[in-house]
Amino acid sequence: MTTARELFVRILAGAAVLWAAASLAFVVLQMLPSDPVQVIYGADSTVTQEMRDRIRTEYGLDRPIWEQYGQFVGRILQGDLGSSYQQRRSVVSIITSELGSTITLAVLATIFALTLATIASVTTAGKQSRARSIVSAFELLAISTPAFWIGLLLLTFLSFQWPIFPVMGDDSWRSLVLPVTTLGLAIFGTLSQVMRAEMDIALEQPFALTARTRGLSEWSVRWRHALRHALIPGLTISAEMFGALLAGAIITERVFGRPGLGRITLQAVTNQDIPVVVGVVLFVATVFVITNIAVDLLYRLIDPRLRSTAA
Amino acid sequence: MRHSVIRTLGLALSASVFALGGQAFAQQSGGVLRIATYEPLCLDQNEGSSRNTQTALQDVYDRLIYKSQEGEYFPWLASEWSVSEDGLTYSFTIRDGVVFHDGTTLDAEAVRINLQRWVDDRSANGVPVTAVTAEGNVVTITLSEPHGPLLHDLSEPVQGIVAPSSIEAFSKEERCAGGPDITIGSGPFKVVGRTQGQDLILERFEDYNWPSGAAQHEGPAYLERIEMRFLTEDSVRVGAVESGQADIAAGVPAISVAAIEGNSNLQLIRAEQPGIPWSMWVNQSNPALADQRVREAIRIGVDYASLVNAVFLGTSSPAYSAITPGIPAAYDAGQEGRWSFDAEAAKALLDEAGWSEIGADGIRVKDVERLSLKAVTATNWNNQQRELFAQGIQAGLQAIGIEYSREVLDFATVDARMKANEYDLVDTSQSSGDGATLLYGAFQSTSLWPANTNWGFVNDPALDEALNTAVASADPDVQNEQVRIAQKIINDGAYLIPIANPQVILGASTKVKGTVFSSSGQIGSFYDVWLEQ
C-alpha cells in the first residue's frame, strides 16, 4: 500500500472513531437521570417553572430526541460544540482558551520524561549494575506514587519551605517547573522501563555484535543503534500519554491552580456540564487519532525497514 | 456617613489586635493584598453566580443598598428609599455624581437596565415584579404582591450594578469571561487583569467616593491592588498563606486551624455562616418518618454535640435551630439546648412508635419492615469532615436500632433522586443572610422540590402562617419575629435535625487589618481593609 493511500484509510478510520465517540457521548447523555435545567442553574438555586421552560427552548431540550441528535451531529460537523451550561460560553472558546496552558504543560512534561527516560535507559541497559538497580527503584517509585502526592511534596519543600518556585504572583518559567516535574515524573517511570527492556533486547542482537566488531565504541552502539529500537515503543507510549495528558493533567492543574483542559474537565464532570464533557471527549479523541497517524509516519523516519512500499 | 460602633466579629477581632498592640486606628494607604481563593464562575453575576463569584466581585460592582451582618440596611448607590403602605411599590433615589470605571454615568436609567435584566433573564428569582421604571433620579419597582425579602435580595452581591456600556458592547459570553474594559462596575476596585483558571487582578479606582453608609472612611480604598489567585486545593491555599506568598487564604479546613493559630505571623478571621445549619431534612412522606416520635428519636439518639467537637475541631458549634447564629437578628437563641443526647429515651420513643421488635441484625422491625434510612447528599454539599461525621451518625443510630446509610452523589443525581422521592434524609447546609426566604423555601408546604427545598414534605398550617407573614411583610422586625416563631415550630415538630453551625474561616497575615463581614457571611468589602506596612 502506498503511504498516501494508507494515510487516507487511516483518516477515514479516524473520522469513524470520532463519529462513534460523539454518538456514544450523546447516548450516555440521554441515559443520565439528571435534569439539565437544574444543572444549568446549579446546586444551590431553586428555579421557577417559567425559567425552566425558557432554558429548555434556549438549549433545544424541548424537541424530540432524534431531532436533538440530528442537530447535535449537524452542529459538530460545523465545528460547533454547543455552549456550556455552567459558564454560558461556547465550548469551542472554552477549549481553545484553556488549551494553550495544557499543551505547554503536556509538551514540556513529555519532553522532560522522554529525555530523562532516554538517559536512564541508554546508561543502564544491557548490564547489571548498582546504577541500574537504583534507577529501576526510582522508576518504580515514580510509577507508584500518585501525582497528587508528588505535587504536594514538591510544593511543600520547594515553595512553602524554601520559596524557590512560588505558587502565587509569578507567571514566568518558574511557575512551570514544579507542575512540569510532577506531570513528567508520572510518565517517566513507565517510559524508562519499556525503553530499557527494548534496548536490552537490541543489545543482544547480531547487529550490535557486528557494530562492536567494526570497532564502534559501546557508547556509539547504544546511542546510534540500540536507541533507535527503544525509541519506537518510546514514541508510541509518549504519543498515547500525550493524548492522555491533555485531559489527564487534572491533578497537576488542580494542585498548582493552573488553568487548563484538565481543570475544565473536572469542573464539567462534577457539575454535569454535558456540552463541555462531550466537547473534551471529542477533542481528546481527535488528538488521539491525529497523534496515532503522526506516530505511524514518524516510525518510517526512525526505522528504514518500514519505508519500503512493498510491505 | 456613619463612623461608629464596632459591628461585627471581624472588626472586633482586628480591634482586639489594636488593643494588644497599643495602637490607634491609623490606617495606612497602599500595598498589594494577595488572596488565595476559589474561582468565580462568571464575571457577570446576572449570567451565573456562586458565592465565590460574589466575594471576588463585590468590590467591582456597587449595589443599591448594603446589609450588615446584624441585618441593618444602609444607603449606598441609593441615597434613600421608601416602600408604599401596601408593600407593592419600592422607590430608590439614586445618588448623584457616581461614575463607572469607564467614565460613563451611573444614573437611575443605568440601574433600571440592570433590574430589568434581572427580571427578564432570571425571572427576578421568583420576586413578583410587574414593572421597573426610572424617572429623574428615582427607580421604582412595582410588585404584584408584597415581598418583604426584596430589600435583602437587592443588597446581595449578585445585584451589583453593571455598566450599561458593557452590557451593550459585549455578548453574555464575553461578559462572563470578563476582563479589563469588559467587566465594568462603579466599585472601589476595577478589573485590570484576568486569566481564567488562574487569577483576577483588581486595582484601586481613584475617583471612588461613594461607599455605603456602613463604610468606615471616604474617598478611594486603602489598598492599591488586590491579586486573587485561584487555588482549589485546601492545603495549597493554607501553604501559600503560611509561607507568606498570600496575605489571605479562604476556606481554611478544620485541620489547619491549630497551625494557623499557633503561628505568630498569622491570624484567623472567622464568622458564623449565615443560613440554615448543616442539618438533616427528614422526609415525612415515608410513613416511618411521618411519626414525630421517630424523628425525635433520631434527634436525641445520637450524641451530635460531642461529635461536633470531636470532628469539627472547634470550627463549628452544635446547632439547635433551623437558623444559624450567623443571622443574629432572626436567630432564636432560646432554642439552644432544647434537647440532649439520651439513647434510652430514644429507644423508648421508638418502642412507643411501634418499632419495638428487634431483628437479628439489631435493626428494629415493624410489620416485617426494617427501620432502615437512606440519606443522600451532593458532592458539593459534602466535605471530609461531614463524611467522617456521618460515620458517627451511623454508629449512633445503629445503637438505638436504626439502620442508616448515606450516599454522596453528584448533584444532578441527587436532583433526580429528589424528584423521584427516593430518599429518607437529606443532609446539607444553606447559606443566605435572609432567614425568611430560607425557611419559607425549606418548610412552607407548597415549596416542594425542585422549585424550592422543602425536602421533608413539611405541611404545618401554623408554620405556613408564620412563613407567609414573614415573606409578605416589608418590615424587617416583623420578618425576624415570624422567623423566630417558625424556628420554634420547626423544633416542636422535629421537622429538621440541626447538627452543626458552620463557620467561615479565613487565614490571614497579621498585617491585614479592618476586615468586616457582611450579611452574606463573607468579608463585606475590601474597601476598608488595609495592610500594615
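The values are calculated or read from the model by the stated rules, or taken from the named source; none is laboratory data. This is a predicted model, so every value here is computed, not measured. Here the Cβ is made from the backbone with ideal geometry for all residues, glycine too, and neighbour counts use every protein chain on show.
Key figures for this structure:
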item	result
From A:Phe138, A:Phe165, residue being surrounded by fewer than 23 Cβ atoms within 10 Å (Cβ to Cβ), part of a helix (DSSP H, G or I) and of a type in the set (Phe, Trp, Tyr)	A:Phe138
Close pairs (7 angstrom Cβ cut-off, 6 or more residues apart or separate chains): over 11 Å from B:Ile276 (Cβ atoms) in the stretch B:304-330, basic (Lys, Arg) anywhere	B:Tyr320/B:Arg338; B:Ala330/B:Arg484
Output for the stretch A:204-243, where each listed residue is in contact with a helix residue (DSSP H, G or I) (Cβ under 8 Å, 6 or more places away or on another chain) and of a type in the set (Gly, Ala, Ser)	A:Ala208, A:Ala211, A:Ser220, A:Ala226, A:Ala230, A:Gly234, A:Ser238, A:Ala239, A:Gly243
Residues of the stretch A:169-186 satisfying the condition of being buried (at least 22 other Cβ atoms within 10 Å of the Cβ) and at pLDDT below 85	A:Ala186
Residue check, A:Ile250 touching a residue at least 24 places away in the same chain (Cβ under 8 Å) and hydrophobic (A, V, I, L, M, F, W, C)	no
Enumerated strands (runs of 3 or more DSSP E) restricted to the stretch B:94-207, each holding at least 2 residues that are small (Gly, Ala, Ser)	B:129-135
Number of the condition not met by B:Phe170 [criteria: (1) among the aromatic types (Phe, Trp, Tyr); (2) away from chain A (no Cβ under 14 Å); (3) without any contact (Cβ under 8 Å) to a residue 24 or more places away in the chain]	(2)
From A:Phe160, A:Phe188, residue being in a helix (DSSP H, G or I), of a type in the set (Phe, Trp, Tyr) and closer than 28 Å to B:Gly193 by Cα	A:Phe160
Some residue of the stretch B:127-140 being within 23 Å of the chain's Cα centre (by Cα) and without any contact (Cβ under 8 Å) to a residue 40 or more places away in the chain	yes
Near pairs, Cβ below 8 angstrom, 6+ apart or cross-chain, from the stretch B:28-47 (free of Cβ contacts under 8 Å to residues at least 12 places away in the same chain) to any residue that is crowded, with 20+ Cβ neighbours inside 10 Å and not β-branched (Val, Ile, Thr)	none
Residues located in the stretch B:376-415, provided they are of a type in the set (Gly, Ala, Ser) and surrounded by 17 or more Cβ atoms within 10 Å (Cβ to Cβ)	B:Ala378, B:Ala390, B:Gly392, B:Gly396, B:Gly401, B:Ala412
Subset of the stretch A:67-102 [among the β-branched types (Val, Ile, Thr), within 14 Å of chain B (Cβ to nearest Cβ) and buried (at least 16 other Cβ atoms within 10 Å of the Cβ)]	A:Val91, A:Ile94, A:Ile95, A:Thr102
Filtered residue count, the stretch B:496-513, keeping only those that are buried (at least 24 other Cβ atoms within 10 Å of the Cβ) and not in a strand (DSSP E or B)	0
Members of the stretch B:374-408 that are of a type in the set (S, T, N, Q) and either within 14 Å of chain A (Cβ to nearest Cβ) or in a helix (DSSP H, G or I) (or both)	B:Thr377, B:Thr379, B:Asn380, B:Asn382, B:Asn383, B:Gln384, B:Gln385, B:Gln391, B:Gln394, B:Gln398
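Every residue, every condition in (1) under 24 Å from the mean Cα position of the chain (by Cα); (2) surrounded by fewer than 22 Cβ atoms within 10 Å (Cβ to Cβ); (3) more than 30 Å from A:Trp219 (Cβ to Cβ), yes or no:
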{"site": "A:Ala109", "(1), (2), (3)": "yes, no, no"}
{"site": "A:Lys127", "(1), (2), (3)": "no, yes, no"}
{"site": "A:Ile134", "(1), (2), (3)": "no, yes, no"}
{"site": "A:Thr145", "(1), (2), (3)": "yes, yes, yes"}
{"site": "A:Gly151", "(1), (2), (3)": "yes, no, yes"}
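One line per residue, one yes/no per condition, for (1) of a type outside the set (Lys, Arg); (2) within 30 Å of B:Val458 (Cα to Cα); (3) without any contact (Cβ under 8 Å) to a residue 60 or more places away in the chain:
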| position | (1), (2), (3) |
| --- | --- |
| B:Val483 | yes, yes, no |
| B:Ile489 | yes, yes, yes |
| B:Lys513 | no, no, no |
| B:Val516 | yes, no, no |
| B:Ser520 | yes, yes, no |
| B:Gly524 | yes, no, no |
| B:Tyr527 | yes, no, no |
| B:Leu531 | yes, no, no |
